[in-house]
Amino acid sequence: MNKKKLLSLILGIIMLLPVGCATAPVKDSPKTEEANTSSVDVSSYAAWLAERLGAEAEGNDVICADGTVTIAVGDALGVDTGTLRNEGYIIRTEDKNTVIVAKNEAGVDAGVRRYAAEIEKYGNTAVNITSGLKIGKITLGGADIKDYKILLPKSAEGDKSFQATATMAMETSARELSKYIELATGIKLPTEYVVGLHTMTDEQIKENCGNAIVLLADPTAKGGSSIKGQIEYVDGKAEEIGPGEMGTESYKLTVSDGLMRITGGNQRGCVYAVYDFLEQCIGWRFFGGDVEYLYEADELNIDNIDMSHTPTFSYRATTMPSANDSNNFPKLKQNCFNTTRYAHSPEYGYGLGSTYLHAHTFATQLEKADHIEKGKQPYGDQPCLTDEETKEYIIDWTLGLINERLNPPFNTRIGFDTVQVGCSMNDNTNFCKCPDCMAVIRKTSFTDLYLGFVNDVAEAVDEAYPGMIVNTAIYFAARKPPKETMPRDNVSIYYCIQGCNQHTICDGLCDAYDTTLGTKNTTERAQLEAWTEICDRIYAWHYSTTFFSNLGPCPNVYEIYEDVTYVASLGIFGYYAEGSSSETNNFENLKAYLFCKLMYNADITEEEFYALIDEYITIVYGEESAPYIRQYLDMHQQSGDAIDGCFINNYHYPLDMMDINYYRENYGLMRELFDSAIRYAKDAATETKIINLRLHMELMGLGATYERDYVNGTAESRAEYEANYKWLVDTYKAANLPQDRVYTTAPSSYDLSKNPVLAFIPTLPILSKEGRA
């Protein structure tokens, strides 16, 4: 491109940049914001675009038939791209010549792909797009946010009240608020500690500190513990250290007249207030898996705000990795992930998980018990629940564990980072059938026998460590409510829902079908409701994925809304969604996000739920690819809806969970949808995500069409089938995806002597338990 035309385009780009944003001061940018650099070699992106458009690449230029596209990182052309976020880019076309300028390599990748999509999809040869601009100006309570500071309380000498000193979680809240305001605007808000802040009126704060964002603890809280009424002895004097009227997680946030005030529950209230403010008022979205997004805005005027919230469930957890690392779980408002230490740290306001062990604990608790026959543990038979030696061993082991955690090097505290400990049956049905156990079962029920054992352990724990909760999984036959033995007050119940995943737990449709396992949601619903009448600390344990294969379908995304909102209507204490550890496959990341949103706030409409899905797919997979992914998600769901019957995620096989005829008829269309989604992916990382998402569709499609297109197919259909299967095997191997419980194994060859589903999941003896395949 000649120099005159290039200068004209650069001038046009500069004119596109907002003045307010361009003049905003940027100091000490967060590590996630990369500086402009002209050292990035963008010639590979020019080559990519040239191949896509059928043009020629010359260095950083793409020579088209009727014009030139020049690609550059901002300062290479003398353009200050400080007004752009990392992923931002500007495309400017004039007289058939185009410049694509980005802040860094990620922006270049996104920019060239967007330009190609505009040309191919829309025939737009005059592309003028600016993407990823920082927010031009934020007015908060009538004042420019650049004039604000964040205030935290600092105790005066002699003031030992809980509210006088900022907790570590409040300090985390201040850091996160400052970080994401800076990422959004380029303005870094300073944080100051103010002596006596918790006693000051709004007028005093404004007079002494000016415009401010104030973070304070619930004025009625007695201390930082999660246990209401908990007593701690300090210098021989009893002091209450429990939460106040706002509990551990509620908050109130107001904005008016140059002041933003956040008052939070004693542990996580301020943390959640900050993330809700960033989402609802600034436009941030936190999807998990480190996918974060900011809606663009020239200016925001935030005033006369009065927000408050108390989470729907007190206990909220999933197993999906995209929601569970230390960066994502607080943003998604989870407060437990089994025994993970960061989920119990003061930096995030502690949590409600187990001190050690989560479920199926007998195996570990009895692993070194000499009186247990060798080979019976850890995952063999269940222990005898009437054997006093076994009970005393587990009691001693559990008390020893708690004592260990309360002392060096752990130094945990009950009500803070030590809340509950597990005591649960092993993961099998090999229960003891000795005369003593059978006598109790015949007189009452298995649940009475099991719960009596757990109660005895809980009683010992309560005597030694008041406030500690003993959690137990109500599994298999124990799901039926007890006849006589009620759970102690310090026992929490994980009710493991083992009904149908094809239908929601509240729709009543399962009565029309009989599954191989013989469980129905109508029965599960009745049992769960009965448990809520006898225990205040019930957790619903939801199996939301298939454990037979990380490539297996699990068409239950849309059922999440009714399942979670129904459980919420029962006033249940907690919700635990056990999903796949292979979050890159299927729609596991989407499900993790939806579960987290609903567990935190189930008071949304079904329309709002589907809007969450649409927003997630649009942002995570990109605006150009989203329509194809969204259409496939509908088909994914319809493949399950087409089944005449039920399926259970952790029991049935992949071809039991989808209608084979539906996949057979629609496999071609599904492949076309993924072809388009991949072609128009917004960047290379997203392209990889879509390819990984495609893997389960290909396996199910190849499994459904095996007889038609390969065994009984023509030479042409067999050749196409073989090529598609080779792609699946090679791509799955290259992706190196994490495995699930029953390992999905990439075949060692391209042999098609058996159905690909059986080749990828060699542990399956047959294709279907229900005769659907």
### Which numbered condition LYS237 misses (of (1) touching a strand residue (DSSP E or B) at 6+ places or on another chain (Cβ under 7 Å); (2) more than 23 Å from ARG175 (Cα to Cα))
(1)
### Query
Across the range 351-383, which residue is modelled with the highest pLDDT among those that are surrounded by 19 or more Cβ atoms within 10 Å (Cβ to Cβ) and hydrophobic (A, V, I, L, M, F, W, C)?
PHE362
### Query
Given (1) outside the structural domain of ARG694 (by TED's automatic domain parsing); (2) under 23 Å from TYR543 (Cα atoms), where does ASN650 come up short, assuming only one miss?
(1)
### Task
Go through the range 165-191 and give me each residue that's closer than 18 Å to ALA212 by Cα, touching a strand residue (DSSP E or B) at 6+ places or on another chain (Cβ under 8 Å) and assigned to a helix (DSSP H, G or I).
MET170, GLU171, SER173, ALA174, ARG175, LEU177, SER178, TYR180, ILE181, THR185
### Query
How many residues does the range 429-467 hold that are crowded, with 18+ Cβ neighbours inside 10 Å, over 30 Å from ARG413 (Cα atoms) and of a type in the set (S, T, N, Q)?
2
### Scope the range 282-314; condition exposed (fewer than 15 other Cβ atoms within 10 Å of the Cβ) and within 13 Å of LEU133 (Cβ to Cβ); matching residues
TYR295, ASP298, GLU299
### Residue satisfying condition, being out of contact with any helix residue (DSSP H, G or I) (no Cβ under 7 Å at 6 or more places or on another chain), within 26 Å of GLY622 (Cα to Cα) and aromatic (Phe, Trp, Tyr), within set TYR122, TYR148
TYR122
### Message
Condition first: small (Gly, Ala, Ser) and in a loop (DSSP other than H, G, I, E, B). Now tell me which residues in the range 591-623 satisfy that.
### Response
ALA602, GLY622
### Task
Specify which of the listed residues (TYR632, TYR663, TYR651) is in contact with a Gly (Cβ under 7 Å, 6 or more places away or on another chain) and not β-branched (Val, Ile, Thr).
TYR663
### Query
Which residues, taken from the range 468-477, are under 29 Å from PRO555 (Cβ atoms) and either surrounded by 19 or more Cβ atoms within 10 Å (Cβ to Cβ) or in contact with a Lys or Arg (Cβ under 6 Å, 6 or more places away or on another chain) (or both)?
ALA473, ILE474, TYR475
### Message
I'm told ASP675 meets every condition in (1) surrounded by fewer than 21 Cβ atoms within 10 Å (Cβ to Cβ); (2) in contact (Cβ under 8 Å) with a residue 12 or more places away in the chain; (3) more than 16 Å from ASP634 (Cα to Cα) except one. Can you identify the failing condition by its number?
### Response
(2)
### Task
Of the numbered conditions (1) at pLDDT 95 or above; (2) surrounded by 15 or more Cβ atoms within 10 Å (Cβ to Cβ), ALA746 fails exactly one; give the number of that condition.
(1)
### Message
If SER625 satisfies all but one of (1) crowded, with 20+ Cβ neighbours inside 10 Å; (2) closer than 17 Å to HIS696 by Cα; (3) modelled with pLDDT of 90 or more, what's the number of the condition it fails?
### Response
(2)
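The values are calculated or read from the model by the stated rules, or taken from the named source; none is laboratory data. Small disclaimer: the values here were computed from a predicted structure and weren't measured. FYI the Cβ positions are ideal-geometry reconstructions off the backbone, even for glycines, and counts take in every protein chain you see.
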